[in-house]
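Asker: Quick one: this structure, given as structure tokens, is what I'll be asking you about.
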Amino acid sequence: MTERGAFRRSGGAASGALAFLLVATLLAAAACGGSEEDDIKNIQATATAAARDRPSATATLDPVAAYRQKVTAAGKRLSEATDQLHKDMLAASESQADPKWPTILTTDADAVIAAVAAVKALTPPDDRFSAFAAGLNEIAAKLESGAKLLKQAIPTADQAIGAQAFFAVDEGKAKLPDALAALPAE
């Protein structure tokens, strides 16, 4: 046998059978469907129908539970902002000459004002919560007043207005826990 004969393909019939299977597979695939666009439309229609016909549970949020959850979150935010402002006001009173305090106190006051706005935006779900909301809003207004007075006092370093601001924040901070604790039970 020559070298050339050693590398000769044997089984011409096997090659023909493989070619036949390849052609048959391609013809079968082409016969199964239309254009690519038809396949996408069929898939979309089937998926849409399946999604539309599937029952789904609708979440019904209890308005009282939702209100209680929102009050708790907004009250916590207001309490934390008030605590920070109060703490920084006390620290600033001991080192008033430090130039960092106006920026810090303004930021703290803005945080209290934003937290108050979140509390005031809450709407009681029914009359059972009206007195609670009124009491909480009264304390929130006191804290807002103190924060706004502080922002007024900072640019001019007005100690009289600063003292009014401190007393308003201090009073509101003292009353806030009781106001939040008065949230009626479900």
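Read-outs: derived from the displayed coordinates by stated rules, not from any lab. Note that the structure is a prediction, hence the values are computed from the model and not measured. Don't worry about glycine lacking a Cβ; one is built from the backbone with ideal geometry, like all the others, and counts go over all protein chains shown.
Asker: Between Ala117 and Asp83, what length comes free when the chain is fully extended (0.36 nm per residue of separation minus the Cα-Cα distance, one decimal in nm)?
Answerer: Separation in residues times 0.36 nm, less the Cα-Cα distance, equals 10.6 nm.
Asker: Under a Cβ-only charge scheme (Lys and Arg +1, Asp and Glu -1), can you give me the dipole magnitude of region 103-147 about the Cα centre, in debye to the nearest 20?
Answerer: Numbers: 3 positive and 6 negative charges, 9 e Å.
Dipole about the Cα centre, nearest 20: 40 debye.
Asker: Note down the nm distance, to one decimal, between modelled labels 7 Å out along Cα→Cβ at Ala91 and at Lys175.
Answerer: 2.8 nm
Asker: While we're looking at this one, here's another question. Among rounded, prolate and oblate, which fits region 63-181 when a ≥ b ≥ c are the square roots of the eigenvalues of its C-alpha gyration tensor, a/c under 1.5 means rounded, and a/b larger than b/c means prolate?
Answerer: prolate
Asker: Now for a different question. With the crude spin-label approximation of a point 7 Å out along Cα→Cβ, what separation in nm comes out for Leu61 versus Asp126?
Answerer: Once both label points are built, they end up 1.9 nm from each other.
Asker: Let me know the charge dipole size of region 63-181 about its Cα centre in debye, to the nearest 20, where only the beta-carbon of Lys, Arg (+1) and Asp, Glu (-1) is charged.
Answerer: Its charge dipole is roughly 360 debye.
Asker: Determine the alpha carbon to alpha carbon distance for each of Lys100/Lys175; Lys70/Lys100; Lys87/Lys151 and list only those over 27 Å.
Answerer: From the list (Lys100/Lys175; Lys70/Lys100; Lys87/Lys151), the Cα-Cα distance tops 27 Å for Lys100/Lys175; Lys70/Lys100.
Asker: Along the charge dipole of region 63-181, Cβ charges K/R +1 and D/E -1, which of His86, Ala163, Val112 sits furthest on the positive end?
Answerer: Ranked along the dipole, the leading option is Val112.
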